Every structure is written in structure tokens, then in C-alpha cells.
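These notes concern the structure reproduced below.
The values are calculated or read from the model by the stated rules, or taken from the named source; none is laboratory data. Just so it is clear, the model here is predicted, and its values are computed rather than measured. Here Cβ is always computed from backbone atoms with ideal geometry, including for glycine, and neighbour counts include all displayed protein chains. For the accessible areas, the whole protein counts, side chains as well, though only heavy atoms, and no ligand, DNA or RNA atoms are used. Shrake-Rupley method; radii C 1.70, N 1.55, O 1.52, S 1.80 Å.
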Amino acid sequence: RLERGPDKVLRFEGLELYSPGLRLSGRGFRRTDGSFHIEASGRQAKYGPVRMVLDGPIARPNIILLLGAPNEAMGLRAVRLSLVPSASGFDYRAEGGSQIGDFVSQGQILLPPGRQASVNIASLIVSGIRASGVLQAASGGIQGRLAVAGGGLNGELLFRPVGKNQRIEAHLDASELRLSGPPAFAVRSGRLDGVIILADGQTSLDGSLSARGVEGAGLTLARLTASGRLIKESN
């Protein structure tokens, strides 16, 4: 429903956008300088409920995305992603909740002509733990490496797609680690080596863990050694 007023601003109501994985409904307007402002909400097939605010030139706008629960396995919730156009793509800032506490991240989304997109994560901080690195779009998922340091945890996370599934390999050392949770969790010292596979409808974890001075969920353990495989089915 298009309407143009005396101010020559073109307003539209009842905006509907459909694609195989996304449906949005909203409203907005086009200014006399050719820039747009659009607010919409709907659902994305993989990431769930989404709200969007777009403002600026339609080819290179500022974008704010609000995602209610984009990843059940990681416990992501109330995620806010802000994208600001740059010469090489977009600068981003993200914040929200996760399985191990609130997080904040900033960096750049790089969109080189004729090449794969990549995300330069300048910092990702969750429960005092900091990670940084570069992740690149690849067939079936993402690939790259994040270095983890600070907050009692050091090591690396390695990402690569396996078919249509996402593989995350972890090698982490803990020293006086404390996570805010919920539930709160603490480890005096420990080591984790494992592989997480994120697949449609299923998350699997295969790894080994050794730790001393474990406290969490009302439980205290002087020493813990474990290895195993866990498979979680999505609802």
C-alpha cells in the first residue's frame, strides 16, 4: 500500500517479503534523497524469530537485527546485531545471552568482490573470556580459527564444515576459570579436547576432560576425568 504525501516522502504499509528461508512483514518509507527506512519482523527458517530495522541507501544501509533464539545448542538468546557499511563490507557489533553468560562482540564482515565473505572477529567476550580470529564462509558452513585467552581459559577453536554439518574442534586449558552461567561454574585447573558437530536437528559432542577443583550446580569435585560422546536432539 503506497502513499505519497505533500512532503514527497513515499510511505508503504503491508510490506511482505518471502524467500525459501525467510518471511518478513513490515512498513517503511522512502525519503526524497532516495534513502529508505524499513522496520519488519518475521521468521527465518534456521535462526527463528527475527526483527529488522534498515536505514539508509538501499544498496548499503545500516541494519539492526534482533534474534530471539538463533541457536539452541549454544543457548543464544536476545541477540542484537548492528551492521554499519564500510569500504570493505560492514563493521559489526553483537551482544546477547548464551549458555555460559552474556556476550559482546565487534569486528568486520569483509565482502571482497569475487571472493568468499569472511568475518574478522576483533573481540568476542563472554563471562570474561576473550576470543579473536577470522571465520570464512565455506560450502556447507564456516571455516577458520578463534584464539581463546583470558578469564581463566586459553586455547583455540577450529571451525570447518563437514558435508552439510558444522564441525568445531576445541583445545582449551583452564586455570581459575569462573563462568557466571546460569548455573555458575568454576574450575581451578583443567583441560578439554573435543569436537562438536552442529547438524540439523542434532548436536553431538565427542571429547575428553580432566579437571581439578570443580564447582557447579551445588556439586563440588576435587578431581574429574571423563571422556565420552553426547548427542542432543533438537525439539
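Values computed for the structure shown
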read-out: Those residues of the range 11-47 which are among the hydroxyl-bearing types (Ser, Thr, Tyr) and either in a strand (DSSP E or B) or under 23 Å from Asn71 (Cβ atoms) (or both), in sequence order; value: Tyr18, Ser19, Ser25, Ser41, Tyr47
read-out: Every residue from the range 48-79 that is in a strand (DSSP E or B) and either of a type in the set (Lys, Arg) or within 12 Å of the chain's Cα centre (by Cα) (or both); value: Arg51, Leu65, Leu66, Leu67, Asn71, Leu76, Arg77, Ala78, Val79
read-out: Members of the range 198-229 that are within 17 Å of Leu179 (Cα to Cα), surrounded by fewer than 12 Cβ atoms within 10 Å (Cβ to Cβ) and aliphatic (A, V, I, L, M); value: Ala217, Leu219
read-out: Residue within the range 115-127 that is in contact with a strand residue (DSSP E or B) (Cβ under 9 Å, 6 or more places away or on another chain) and closer than 23 Å to Glu39 by Cβ present; value: no
read-out: Residue satisfying condition, being surrounded by fewer than 16 Cβ atoms within 10 Å (Cβ to Cβ) and closer than 30 Å to Gln202 by Cα, within set Glu3, Glu16, Glu95; value: Glu95
read-out: Filtered residue count, the range 175-197, keeping only those that are at pLDDT below 85 and open to solvent by less than 40 Å² (accessible area, probe 1.4 Å); value: 2
read-out: Count - residues of the range 123-141 that are farther than 25 Å from Glu176 by Cβ and touching a Ser or Thr at 6+ places or on another chain (Cβ under 9 Å); value: 4
read-out: Filter result for Arg130 (in a loop (DSSP other than H, G, I, E, B) and either open to solvent by 30 Å² or more (accessible area, probe 1.4 Å) or within 21 Å of Leu205 (Cβ to Cβ) (or both)); value: no
read-out: The range 142-159 residues that are in a loop (DSSP other than H, G, I, E, B), paired with ones that are modelled with pLDDT under 95 and polar (S, T, N, Q) (beta carbon under 8 Å, 6 or more apart); value: Gly151/Ser127; Gly152/Ser175
read-out: The listed residue being hydroxyl-bearing (Ser, Thr, Tyr), closer than 30 Å to Ser35 by Cβ and either modelled with pLDDT under 85 or open to solvent by 40 Å² or more (accessible area, probe 1.4 Å) (or both), out of Ser88, Ser139; value: Ser88
read-out: Candidate set: the range 115-127, residues that are under 25 Å from Asn165 (Cα atoms) and not in a strand (DSSP E or B); chosen: the one least open to solvent (accessible area, probe 1.4 Å); value: Ala117
